[in-house]
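The values are calculated or read from the model by the stated rules, or taken from the named source; none is laboratory data. Not measured: the values here are computed from a predicted model. Neighbour counts are summed over all protein chains in view; Cβ atoms, including those assigned to glycine, are modelled from backbone coordinates with ideal geometry. Ligands, DNA and RNA are stripped out before the accessible areas are found, and what is left, the full protein with its side chains, is counted by its heavy atoms. Shrake-Rupley method; radii C 1.70, N 1.55, O 1.52, S 1.80 Å.
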Amino acid sequence: MAAHKESTMLEQLRRWRRDFHQYPEPGWCEYRTTSLIAAELSACGYQILLGDQVLSAAAVMGRQIDEPKEKARAAAQGAPQAWLEASSLTGLMAVLDTGRPGPCVALRVDLDAVKVQESQGAQHQPDQQGFASVNAQCMHACGHDGHAAMGLVLGQLLAQQHERLCGKIKLFFQPAEEGCRGGKAMAQGGQVDDVDILYAIHLGIHAASGELVVSPTGFLSSTKFDVEFHGTPAHAGLEPNAGANALAAACQAVSQMLGIPRHRDGLTRLNIGTLNAGAERNVIPSFALLEGETRGASAELNDYMFSRVQQIVDGCARSYGVDFRIRKQGEAISIENSPRLVHSVTLSADRLGFHVIHSRPFGASDDAGYMLERVQKRGGEAAYLVIGADLAAGHHHHGFDFDETAMVKGVSLLEALFVAALQPPAEITG
Ligand SMILES: [Zn+2]
C-alpha cells in the first residue's frame, strides 16, 4: 500500500478513535457515537437505519437507562441533534447499494465502553495526549473506540470507490456488547438476512500488532440473569410466621445452583456475583435480588446450566411461599467461522503481510455470535477475526490502550476483503 494512503488512514482513524475515546458511552447509551457515525456515513452516500429501525425491541436485554439524561449528555458533548432525536435505541446500520447485482457484504463492530474509571498514570498515553475519558466511571477499555473508528473509516473508503463495485455494503454498529446485551436484538432485527458474507472484528485479544487470528476458538455461550424473590414482610419477634422469607429462598437457591452437576459433554460455568436482600434486622426479609451468569462450551451446555437454574429458583420460591422473577440481562452463543471464508481471509492477510495465526483460544464471550450464526444458517458465510494490537495493559484494565497502527492494518484487510467480494464480473468481449 502506498505510504501516503497509509498515513492519511492513520490520521483519520486516530482522530475518530481519540474522539470516541474521550467521550465513552456505556451500553445502550451510545447516543453521541451513533449520531456522529450516522452523520458522517450519511454524508458520503449511505442510507442510515438507526437503532429503532434495526434492532428487535423484544430481544433487547439489560437496558435500564435514564434516556433523557443520556441524550442531554450526548447533546452537550456534540452529538448532531437531528440524528440524536430520531431514535430511542442506540446503534445503527449504514447501507450502500451500488445498484449493480452482486453479493451483500457486511461488517459488524461494537460501540460501547466499560464502567471503569480511566487511569491518570504518567505512562497512560490517552491522559498524556489529552484524550482520556471525560465521563466518570466510563472508559473505552476494550478497544471498541477503535472498532467504531475502523467501521467508519472503512465505510468512507468504500464509498469513494463504489462506482467500481457491485452488490451491497452493510455496516452494522452494534450497541451494548459488554454484558452481551445488544447482539441478539441486532440479529433478530432481520437486517442480516440478505447478507452473504459477514465479518466481525476485535482488536488485540491474545494477539500482538501484525498478527491476525483467522479462526479464534473457545467462545463461550453465556446467559446473564437477575433473579428477584418477592416475599411478605413481618415482625421478626411478634409474628415471624406471618412472613414469607425472600432472603432464605435466595440463599437456598444460591447453594443449590452451586451444586448443579457439571456436564459430561464439556465445559460449564456458573457464578452468582451478587446477592442483596432484606431491609432491617427485625423484619422478615421480603425482597432479594441476585445477579448471576452461566456459561458453556456450546449453546446446549449453557442451556443445560440455565434450565437447571430456572428449576432451582422455581423450587426454592415454592418452598418458601415467595414469588420470583427471572430476567435475562444478556446472552451470547459460541462462534465458529465458515471454513471457506477463513481460507480467503488467510490468503488476503498473507498478501498484506500479516502474521496469520489459524486458531487461538479467545477465552471470552462476544454476542456478535447471534449475527454470525443467523447469516450462516441462511447459507451465508461469516467470520470473527482478531486483529492483533500491542496493548499497554489488558482489556478492561484502567490503563488499557492499544497500538493505533493496528487499526490501519485492520482496515486495509477489510477493504481488500470487501473490494474482492464486490468485484463486478469481468466483461465478456468479442
Ligand atoms: Zn470488547
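Screening the range 360-390 for residues that are at pLDDT below 95 and of a type in the set (D, E, K, R) and picking the one that is farthest from the ligand (Cβ to nearest atom) gives 360. Just checking, does the range 409-424 include any residue being open to solvent by 30 Å² or more (accessible area, probe 1.4 Å), without any contact (Cβ under 8 Å) to a residue 40 or more places away in the chain and small (Gly, Ala, Ser)? No, the conditions are met nowhere in the range 409-424.
Can you confirm whether residue 185 is under 23 Å from residue 333 (Cα atoms), in contact with a helix residue (DSSP H, G or I) (Cβ under 9 Å, 6 or more places away or on another chain) and more than 16 Å from the ligand (Cβ to nearest atom)?
On the way: under 23 Å from residue 333 (Cα atoms): yes; in contact with a helix residue (DSSP H, G or I) (Cβ under 9 Å, 6 or more places away or on another chain): yes; more than 16 Å from the ligand (Cβ to nearest atom): yes.
Yes; evaluated as a whole, the condition is true for this residue.
For the range 131-141, does any single residue satisfy the condition of being β-branched (Val, Ile, Thr), crowded, with 24+ Cβ neighbours inside 10 Å and more than 13 Å from the ligand (Cβ to nearest atom)? The answer is no; no qualifying residue exists.
Of all residues in the range 61-83, at least one satisfies being in contact with a strand residue (DSSP E or B) (Cβ under 8 Å, 6 or more places away or on another chain), more than 23 Å from residue 179 (Cβ to Cβ) and more than 16 Å from the ligand (Cβ to nearest atom). Taken over the range 328-348, the residue count meeting the criterion of being open to solvent by less than 40 Å² (accessible area, probe 1.4 Å) and part of a helix (DSSP H, G or I) is 5. Contact annotation: residue pairs with Cβ atoms under 7 Å, 6 or more positions apart or on different chains, pairing a residue in the range 95-109 that is in the same structural domain as residue 369 (by TED's automatic domain parsing) with a partner that is surrounded by fewer than 18 Cβ atoms within 10 Å (Cβ to Cβ) and assigned to a strand (DSSP E or B), are 95/47.
Per the listing 321, 292, the residue uniquely in the same structural domain as residue 247 (by TED's automatic domain parsing), in contact with a Gly (Cβ under 8 Å, 6 or more places away or on another chain) and buried (at least 18 other Cβ atoms within 10 Å of the Cβ) is 292. Residues of the range 144-173 that are within 16 Å of the ligand (Cβ to nearest atom) and farther than 23 Å from residue 397 by Cβ: 151, 172, 173. Is it true that some residue in the range 207-218 is within 13 Å of the ligand (Cβ to nearest atom), modelled with pLDDT under 95, of a type outside the set (Ser, Thr, Tyr) and surrounded by fewer than 24 Cβ atoms within 10 Å (Cβ to Cβ)? Taking every residue of the range 207-218 in turn, none turns out to be within 13 Å of the ligand (Cβ to nearest atom), modelled with pLDDT under 95, of a type outside the set (Ser, Thr, Tyr) and surrounded by fewer than 24 Cβ atoms within 10 Å (Cβ to Cβ).
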